[in-house]
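Q: This is the structure, below, for whatever I ask next.
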Amino acid sequence: MQAVILNGGFGKRLGLSSKPKPMVKLSGKTLLEYSIDNLKLSGIKDLIFLNGFMSEKIESYYGDGKKFGVNISHHAESKPMGTAGAFLEIADKLQDNFVVIYGDLLFNFDFNRLINFSKLNSGIGSIVTHPNNHPFDSDLISFDENFKIQKIFNKPHKKNFLARNDVNSAIYFLKKEIINFIPKNSQSDWIKDIFPNLLGSLYAYPSSEFIFDVGTRKRINIARKYISSKKYTLGSYHNKRRAIFIDRDGVINEEVNGVYNYNQLKIPLFSHKAIKKINNSEYLAICVTNQPGIAKGFFSIDDLNMIHAKLDTELGANGAYLDDLFFCPHHPESGWDGEKIELKKKCNCRKPMPGMFIEASNKHNLDLKNSYFISDTAKDLSVSKKIDINIALVETGYGSLQDMNTNTKYLKAKNLYEAVKKILKNSND
Ligand SMILES: [Zn+2]
């Protein structure tokens, strides 16, 4: 597999007049050396560097790549052609499939999983998406349950725009035939100009792995701190990671006896703070919620998607995000007008059954034994009888009314923020 790394035009954005961005050093190594080392872990050693700003400096530092254990071929843009346009000049060097990576990223990513996903679908390419802490000024990707992309919302976004936090991460898997869709003789950008015309054949690949855009001086300093953190070093699917699972109603948002439209979703300030705190730790933040109102016909999956768009948008406005969200739409008993017969069943996902936890564990390669589940009901927390996971009860929602089995070991906290604080303190001891 081949990787094309876009090093064009980035240095100026950083205000580094003497250095192109890929040459920026983070604890002894350049940003691009981290990229090269991570690509090697997935067996990717054929690299094309598309260089723009100060291309001669990049070329003389990285050379043919031998001293880094890879093969690098350099191409200097003859004029700025944009992130897609530049590919016309290297078309004859491209293999049938390749990955594209922007040179201003710090990542710890399993490329093999992306490549396998992309080869199994019929698309012309896959865009890696991930949640970040500033979705309001990011390009957002909307996709269906089969990961087929339906719409790309380029920044800037309108006020009151609601969307799931699925941000373009600037890592792509592409098939060479996509070159035929790049206009000759004009600048073009993948996400603005090319991808929106190919929606029917593009897929989203949502990832919870570590991908951080080192776009500004401030973000370089944050990246320097990440380098030595478990959030980065254990950041890919190659590693077992820990998660904090969070119940939704009564824990993240106020309990109102069923949220059936997004206007009913009220998120207290402590929830934003709590989830932001998880985001800054090595834990993933994963929401698991029973939504039997879908089976009962009280509201639709589309309504639920809008509620989760509001949830993501509000968290994002406060610099917080969920790494994933699972919901169970089922309910075991019948007797409601307008109920959905096909969802009326005993399933393995309705808490306290462990289905959503197991699915999350397989998807994100989790260490469940060292993960936590925070809920406001003793019933949901009894999932810990079926899977080995630590549990915490909060007093919000129905929490103050719960009778916990005295033999059960659990953590007790006033609210989500207190619970997260205690968990993080425990895991640092
Ligand atoms: Zn279910």
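Q: Does segment 147-165 hold any residues that are without any contact (Cβ under 8 Å) to a residue 60 or more places away in the chain and surrounded by 23 or more Cβ atoms within 10 Å (Cβ to Cβ), and which are they?
A: 149
Q: Filter segment 273-296 for residues that are surrounded by fewer than 21 Cβ atoms within 10 Å (Cβ to Cβ) and more than 16 Å from the ligand (Cβ to nearest atom) and give the result.
A: Scanning segment 273-296 gives 273, 276, 277, 279, 280, 281, 282.
Q: Scan segment 380-429 residue by residue and report those that are closer than 15 Å to residue 352 by Cβ, among the hydroxyl-bearing types (Ser, Thr, Tyr) and modelled with pLDDT under 95.
A: Matches in segment 380-429: 408 only.
Q: On to the next question. Could you list, in sequence order, the residues of segment 309-339 that are more than 12 Å from the ligand (Cβ to nearest atom) and modelled with pLDDT under 95?
A: 333, 334, 335, 336, 337, 338, 339 - these are the residues of segment 309-339 that are more than 12 Å from the ligand (Cβ to nearest atom) and modelled with pLDDT under 95.
Q: Another question, then. Is it fair to say residue 155 is in contact with a strand residue (DSSP E or B) (Cβ under 6 Å, 6 or more places away or on another chain) and in the same structural domain as residue 113 (by TED's automatic domain parsing)?
A: no
Q: So, one more: Of the residues 191, 141, which is among the aliphatic types (A, V, I, L, M) and outside any helix (DSSP H, G or I)?
A: The unique qualifying residue is 141.
Q: Can you work out which of the residues in segment 340-360 that are out of contact with any Phe, Trp or Tyr (no Cβ under 7 Å at 6 or more places or on another chain) and outside any loop (DSSP other than H, G, I, E, B) is farthest from the ligand (Cβ to nearest atom)?
A: 341
Q: Right, another one. Could you check segment 2-30 and list, in sequence order, the residues that are touching a Gly at 6+ places or on another chain (Cβ under 7 Å), modelled with pLDDT under 95 and either on the phi < 0 side of the Ramachandran plot or among the hydroxyl-bearing types (Ser, Thr, Tyr) (or both)?
A: If the condition is that a residue be touching a Gly at 6+ places or on another chain (Cβ under 7 Å), modelled with pLDDT under 95 and either on the phi < 0 side of the Ramachandran plot or among the hydroxyl-bearing types (Ser, Thr, Tyr) (or both), then 6, 7, 8, 10, 13, 19, 20, 21, 22 are the ones that fit.
Q: Let me ask another. Looking at (1) touching an Asp or Glu at 6+ places or on another chain (Cβ under 8 Å); (2) over 19 Å from residue 179 (Cα atoms), which one does residue 75 not meet, given that it meets all the others?
A: Against the list (1) touching an Asp or Glu at 6+ places or on another chain (Cβ under 8 Å); (2) over 19 Å from residue 179 (Cα atoms), residue 75 comes up short only on (2).
The values are calculated or read from the model by the stated rules, or taken from the named source; none is laboratory data. Note that the structure is a prediction, hence the values are computed from the model and not measured. FYI the Cβ positions are ideal-geometry reconstructions off the backbone, even for glycines, and counts take in every protein chain you see.
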